[in-house]
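Down below is the structure, laid out as structure tokens.
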Amino acid sequence: MPNLNRNLLADGHLKIEASASSRLKPVRILQIGDGNFLRAFADWMIDVANGAGLFNGQVTMAQPLARGIAELMKAQDCLYTVLLRGVQNGVAVDSRRVVSCVEKVLNPYTEWDDMLATAQDSSLRFVISNTTEAGIAYAEEPLLDGQCPGSFPAKVTALLLARFKALGGTASAGLVFLPCELIEANGTKLRAYVLQYAEAWRLPADFITWVREHNVFCNTLVDRIVPGFPAAEAEALYAQLGYTDPLLVAAEPFLLWVIEGPAAIADELPLHKAGLDVVWTADLQPYRTRKVRILNGAHTASSLAAFCTGLDTVQSMTEDPVVSKFLNRVMFEEIVPFVPLPDAERLAYAQTIMERFANPSIRHELISIALNSVSKWAVRVLPTVKDYAAKHGNAPVCLSFSLAALLNFYRGQFVKAGEYEGQRQGRSYPIRDNPEVLDIFNAAWQQPSDLGRLVHSLLSDTRLWGEDLTQVNGLAEQTAAALARINTVGVKAAMAEL
């Protein structure tokens with residue numbers, strides 16, 4: 001069976017949705033991020049808009065890290081398949097589309113000159129990114145000629161400098177940044193870190209002025225559940241498609257992209273005109289609070305605990321009697337009442353989320369949700385915990401349990417350089433987070449005999465959470481008690497006791 005490639009697509013024999021595959025369109029978008037989410041979200045939408053004749057542009061995709069999918073993408077001519085399955089507006093959806101809008105994929109750590117050339121292209125207008133919640137951060141590093149910077153904001157600064165030098169400080173040379181990292185004010189923070197690097201590197205004043213006045217950093221909010229590669233069904237899907245595609249990505253039909261930015265820019269990226277739920281607004285905060293606290297908060301609060309009970313998918317959480325009861329209590333008793341929206345609206349959204357979690361067509365692996373869980377918990381769950389504690393005088397029981405489950409999940413050891421693993425029912429699982437986070441947990445779990453002291457040490461470590469969590473009334477005490485029960489009877493039995 002052939003691997004997906006442009007000749008196969010051009011033959012016209014594939015019975016699948018696809019836009020006209022053309023390398024003649026200009027590269028209008030640089031995408032820093034090669035993960036499943038962006039490929040099934042932004043790239044899929046761009047491809048749909050191209051197919052509808054509403055947009056005429058290609059994407060240059062770049063790995064955010066030294067390891068990525070660049071070689072895999074090159075091997076199949078930068079094509080891949082998006083599979084959408086589920087129920088949308090009461091109608092069953094099962095669609096397959098070959099996405100052909102990616103012109104090339106770069107590894108900036110080995111192809112930095114090509115990255116700079118992309119930034120210097122006058123056709124480029126947008127930069128889309130997803131480097132996880134931990135990606136938009138400042139870390140001191142020098143600007144070295146010919147070398148890719150380490151952090152994402154440092155990369156952006158270096159790319160903007162190259163563009164400024166090539167095209168001058170004109171308004172037309174400015175770019176529009178659409179960061180999809182799930183942190184509050186993602187565009188505002190990215191802009192601040194870019195300017196911080198510009199100052200630290202003593203870059204010219206006219207460059208800094210150009211960044212400030214002629215580049216637009218939009219705050220955005222994204223929503224689509226993207227489980228990724230459907231490994232259990234791969235061979236059957238290949239047989240249906242007539243080709244192999246190791247980059248195939250499954251997602252739900254639902255999507256939402258809220259962009260806080262000048263309305264005029266919407267016409268330059270008219271995804272909304274293709275019938276896609278892309279909202280340009282002057283204030284995305286209500287959308288963000290609803291989504292981050294309810295959808296992402298429920299995910300993060302339940303996934304690690306559920307995984308440690310032996311479950312593997314989000315759907316299985318909704319079917320397990322104990323875990324589903326925990327999930328419902330987390331959602332409707334501890335999260336939803338603290339979302340600052342009318343009761344009917346927040347309740348209806350939460351019920352929609354529970355239906356999406358139960359989607360039988362989506363195999364959303366809990367272990368994939370576990371990536372960078374420490375920063376996710378701080379962003380997605382902690383604000384609700386603090387609001388609850390402020391009203392009731394004590395942290396919520398189930399969300400405190402979720403933090404104990406996180407500490408338990410991060411109980412592991414380094415098996416080789418940089419690879420940290422935990423144990424579940426006698427089998428190892430990967431724990432993926434920033435190296436500093438893994439080092440902190442590894443050191444803490446070396447002497448686990450006094451769980452109360454361990455909990456206090458980890459919760460008070462501001463490097464993990466950005467603040468001292470022992471200052472939240474009752475959180476440390478309830479977390480320690482929950483971790484002790486997990487340690488004694490196991491996660492599921494301890495959860496059932498709630």
**Request:** Would you check which residues across the range 69-89 are free of Cβ contacts under 8 Å to residues at least 40 places away in the same chain, open to solvent by 30 Å² or more (accessible area, probe 1.4 Å) and in contact with a strand residue (DSSP E or B) (Cβ under 9 Å, 6 or more places away or on another chain) and list them?
**Result:** 71, 74
**Fill in**
Counting only helices (runs of 4 or more DSSP H) wholly inside the range 179-291, the ones holding at least 2 residues that are among the charged types (D, E, K, R) are 186-200, 205-214, 285-290
**Request:** Would you check which residues across the range 367-387 are in contact with a Phe, Trp or Tyr (Cβ under 6 Å, 6 or more places away or on another chain) and surrounded by 22 or more Cβ atoms within 10 Å (Cβ to Cβ) and list them?
**Result:** 384
**Request:** Select, from 467, 497, 436, the only residue that is open to solvent by 70 Å² or more (accessible area, probe 1.4 Å), farther than 12 Å from residue 404 by Cα and under 28 Å from the mean Cα position of the chain (by Cα).
**Result:** 436
**Message:** If I ask for residues that are without any contact (Cβ under 8 Å) to a residue 40 or more places away in the chain and surrounded by 18 or more Cβ atoms within 10 Å (Cβ to Cβ), which ones from the range 470-480 would you list?
**Reply:** 476
**Asked** Among the residues of the range 103-137, which ones are touching a residue at least 60 places away in the same chain (Cβ under 8 Å) and within 22 Å of residue 5 (Cβ to Cβ)?
**Response** 103, 105
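Can you pull out every residue in the range 23-45 that is of a type outside the set (D, E, K, R) and farther than 20 Å from residue 245 by Cα?
Let us first name the residues in the range 23-45 that are of a type outside the set (D, E, K, R), namely 24, 26-27, 29-33, 35-38, 40-42, 44-45.
Selection gives 24, 26, 27, 29, 30, 31, 32.
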**Complete:** Scanning the range 301-354 for residues that are part of a helix (DSSP H, G or I), exposed (fewer than 15 other Cβ atoms within 10 Å of the Cβ) and modelled with pLDDT under 95 gives 343, 344, 345, 348, 351, 352
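Quick one: count up the residues across the range 240-253 that are in contact (Cβ under 8 Å) with a residue 12 or more places away in the chain and out of contact with any strand residue (DSSP E or B) (no Cβ under 6 Å at 6 or more places or on another chain).
Total meeting the criteria: 4.
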**Request:** Take the range 1-24 and flag every residue that is at pLDDT below 90, under 30 Å from the mean Cα position of the chain (by Cα) and open to solvent by 40 Å² or more (accessible area, probe 1.4 Å).
**Result:** 17, 18, 20, 21, 23
**Fill in**
Within the range 220-269, the count of residues that are within 19 Å of residue 99 (Cβ to Cβ), surrounded by 14 or more Cβ atoms within 10 Å (Cβ to Cβ) and among the polar types (S, T, N, Q) comes to 1
**Request:** Determine which member of the set 127, 105, 93 is of a type in the set (A, V, I, L, M, F, W, C), touching a Pro at 6+ places or on another chain (Cβ under 9 Å) and buried (at least 19 other Cβ atoms within 10 Å of the Cβ).
**Result:** 127
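The values are calculated or read from the model by the stated rules, or taken from the named source; none is laboratory data. Since the structure is predicted, the reported quantities are computational estimates derived from the model, not experimental observations. Cβ: placed from backbone, ideal geometry, glycine included. Neighbour counts: every protein chain shown. Protein only, heavy atoms only, side chains kept; ligands, DNA and RNA dropped before computing areas. Shrake-Rupley method; radii C 1.70, N 1.55, O 1.52, S 1.80 Å.
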